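What follows is a set of notes on a single structure, which appears directly below.
The values are calculated or read from the model by the stated rules, or taken from the named source; none is laboratory data. Keep in mind that what you see is a predicted model, and the values were worked out from it rather than measured. Cβ sites come from the backbone with ideal geometry, for glycine too, and all protein chains shown count toward neighbours. We work out accessible area using only protein heavy atoms, side chains counted, and drop any ligands, DNA or RNA first. Shrake-Rupley method; radii C 1.70, N 1.55, O 1.52, S 1.80 Å.
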Amino acid sequence: MMLDLSAMPKLGFGTMRLPQKGGAIDHEQVCAMVDACLARGMNYFDTAYRYHDGESEPAVRRALVERHPRERYYLATKLPVWMMEGPQDKDRIFEDQLRRCGVEYFDFYLLHSVEDANVQKYEAYDCFAWGAQQKKAGRIRHFGFSFHGTPALLRRLLDDHPEVEFVQIQLNYMDWDNPRVCSGELYEILHERGVPIVVMEPVKGGNLASLRPQEQAILERARPGASAASWALRFAAGLDGVMTVLSGMSTIGQVQENLDTFAALAPLAEDERAALAEVVRAVQALPVTGCTGCSYCCEGCPQNIPIPIALRAMDEMRQYPGNASAPRLYSLRTKDRGVAADCIACGQCESVCPQHLPIIELLREASALLDA
């Protein structure tokens, strides 16, 4: 079954950052968000085995699968190699995902966060051939992988695994020329080969939705009234070969804003591209970490440090030296958990960071600012 890009919704709902209430996923609000999306033709939902500490897939079942006909939506989830101790775990996790999501098949199934540090394990466990087998059995409609590795690795994987039908990459205007993320180069590799692209982190973990007044003014002059987030989404959605752009929405307001953006989607004009380039230059001159808040680094941290919270607080204090809210939020969110000063430099976080950040060094800096 070939992918028909014209049939795919350009906006997809990423369920990594679902709304919370009382320490749990807010089911009522998620239902409202799902319903709003479906009512306007946005029917691609992306989850994963470990999102929300394993609660994202069940949340999708309750809000989507149990409340809407199966033919009304596309459902995507992912196989995490870091949760596997041997090749036999593929089937165990997959069966658990089918049960947790309440479905008999997945429309899109991905090997999760493939990169240079874990690709050998994915291949040793025969995950690529397994995915093709599951597709042949009708339990996966389309098979691919999400990717955080180097351009050289992406080329090699596409050469070695023609069974891959699509690839999900981090892509946004801020990371287009980022030498760690390589959004632009990864896009060009996939586009040249005609591989459909799913975009993740188009708003860079929310960072591109909340620019400083100085950068927002640049965009306002070019397109008055347009939100910063809409600029980021339009950049990604306007690229040839992009199948779906995922947005990790957390409120019904974000859903409505994104739906409105895509309802009147227009490619960026030359003067708008020039405005974005000016924003990039201004932001890149600021001392920020580049953390997107994906929280992969937290999964196996022996000190239970909420690393993205520490790095985000440090970023805010670097940009706004008089900021008092960032250290207060950091203190609140590290209550009964580890703080930056507790880092033992084990390196677990750096081994899984999709941005390849020097987290140990950054935590030392964060501790000097936040743990005094």
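Among the residues that make up region 85-98, is at least one of them of a type outside the set (Asp, Glu) and in contact with a Ser or Thr (Cβ under 7 Å, 6 or more places away or on another chain)? Checked region 85-98: at least one residue is of a type outside the set (Asp, Glu) and in contact with a Ser or Thr (Cβ under 7 Å, 6 or more places away or on another chain). Does at least one position in region 289-297 carry a residue that is closer than 22 Å to ILE218 by Cα and in contact (Cβ under 8 Å) with a residue 40 or more places away in the chain? Scanning region 289-297, I find at least one residue that is closer than 22 Å to ILE218 by Cα and in contact (Cβ under 8 Å) with a residue 40 or more places away in the chain, so the answer is yes.
Check region 219-229 and report whether any residue there is open to solvent by 20 Å² or more (accessible area, probe 1.4 Å), closer than 23 Å to GLY290 by Cα and touching a residue at least 40 places away in the same chain (Cβ under 8 Å). Scanning region 219-229 turns up no residue that is open to solvent by 20 Å² or more (accessible area, probe 1.4 Å), closer than 23 Å to GLY290 by Cα and touching a residue at least 40 places away in the same chain (Cβ under 8 Å). Name the residues in region 16-48 that are of a type outside the set (Lys, Arg), within 22 Å of the chain's Cα centre (by Cα) and open to solvent by 20 Å² or more (accessible area, probe 1.4 Å), would you? Listed by number, the residues that qualify are MET16, GLN20, GLY23, ALA24, ILE25, ASP26, HIS27, GLN29, ALA32, ASP35, GLY41, ASN43. Being out of contact with any helix residue (DSSP H, G or I) (no Cβ under 6 Å at 6 or more places or on another chain), over 15 Å from LEU357 (Cβ atoms) and modelled with pLDDT of 90 or more is the filter here; which residues of region 292-321 pass it? Once the filter is applied, which keeps residues that are out of contact with any helix residue (DSSP H, G or I) (no Cβ under 6 Å at 6 or more places or on another chain), over 15 Å from LEU357 (Cβ atoms) and modelled with pLDDT of 90 or more, region 292-321 yields PRO302, ASN304.
Conditions tested, residue by residue: (1) under 24 Å from ALA228 (Cα atoms); (2) open to solvent by 40 Å² or more (accessible area, probe 1.4 Å); (3) in contact with an Asp or Glu (Cβ under 8 Å, 6 or more places away or on another chain); (4) hydrophobic (A, V, I, L, M, F, W, C).
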{"site": "ARG273", "(1), (2), (3), (4)": "yes, yes, no, no"}
{"site": "ARG281", "(1), (2), (3), (4)": "yes, yes, no, no"}
{"site": "ALA285", "(1), (2), (3), (4)": "yes, yes, no, yes"}
{"site": "THR289", "(1), (2), (3), (4)": "yes, no, yes, no"}
{"site": "TYR296", "(1), (2), (3), (4)": "no, no, no, no"}
{"site": "LEU311", "(1), (2), (3), (4)": "yes, no, no, yes"}
{"site": "CYS349", "(1), (2), (3), (4)": "no, no, no, yes"}
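Here are the criteria: (1) touching a helix residue (DSSP H, G or I) at 6+ places or on another chain (Cβ under 7 Å); (2) more than 19 Å from TYR296 (Cα to Cα); (3) surrounded by 20 or more Cβ atoms within 10 Å (Cβ to Cβ); (4) in contact (Cβ under 8 Å) with a residue 40 or more places away in the chain. Tell me which single one LEU171 does not satisfy. Condition not satisfied by LEU171: (2). Just a yes or no: is a residue in region 115-123 over 21 Å from the mean Cα position of the chain (by Cα) and over 24 Å from GLN355 (Cα atoms)? There is no residue in region 115-123 that is over 21 Å from the mean Cα position of the chain (by Cα) and over 24 Å from GLN355 (Cα atoms). Regarding region 311-321, can at least one residue be identified that is among the hydroxyl-bearing types (Ser, Thr, Tyr) and under 17 Å from ASN207 (Cα atoms)? Within region 311-321 (the criterion being among the hydroxyl-bearing types (Ser, Thr, Tyr) and under 17 Å from ASN207 (Cα atoms)), the answer is yes, since at least one residue qualifies.
Collect the residues in region 10-23 that are at pLDDT 95 or above and assigned to a strand (DSSP E or B), keeping them in residue-number order. Outline the logic, then answer.
Taking region 10-23 and keeping what is at pLDDT 95 or above, we get 10-15, 18-19.
Result: LEU11, GLY12, PHE13, GLY14.
Selection of region 125-143 for residues being within 15 Å of PRO80 (Cβ to Cβ) and small (Gly, Ala, Ser) yields only GLY131. May I ask you to verify whether VAL81 is in contact with a strand residue (DSSP E or B) (Cβ under 8 Å, 6 or more places away or on another chain) and buried (at least 16 other Cβ atoms within 10 Å of the Cβ)? So VAL81 passes the test.
Of all residues in region 278-291, those satisfying the criterion of being in contact with a helix residue (DSSP H, G or I) (Cβ under 7 Å, 6 or more places away or on another chain) and in a loop (DSSP other than H, G, I, E, B) are LEU286, PRO287, VAL288, THR289, CYS291. Restricting region 123-160 to residues that are in contact with a Lys or Arg (Cβ under 8 Å, 6 or more places away or on another chain) and open to solvent by less than 70 Å² (accessible area, probe 1.4 Å), the residue that is farthest from ASP89 (Cα to Cα) is LEU158.
Can you give me the number of residues within region 1-15 that are among the hydroxyl-bearing types (Ser, Thr, Tyr) and loosely packed, with under 12 Cβ neighbours inside 10 Å? Walk me through it before giving the result.
Step one: filter region 1-15 for residues among the hydroxyl-bearing types (Ser, Thr, Tyr), giving 6, 15.
Adding the requirement that they be loosely packed, with under 12 Cβ neighbours inside 10 Å leaves 6.
Number satisfying all stated conditions: 1.
Taken together, the residues in region 206-218 that are open to solvent by 70 Å² or more (accessible area, probe 1.4 Å) and either under 14 Å from ALA282 (Cβ atoms) or among the aromatic types (Phe, Trp, Tyr) (or both) amount to 2.
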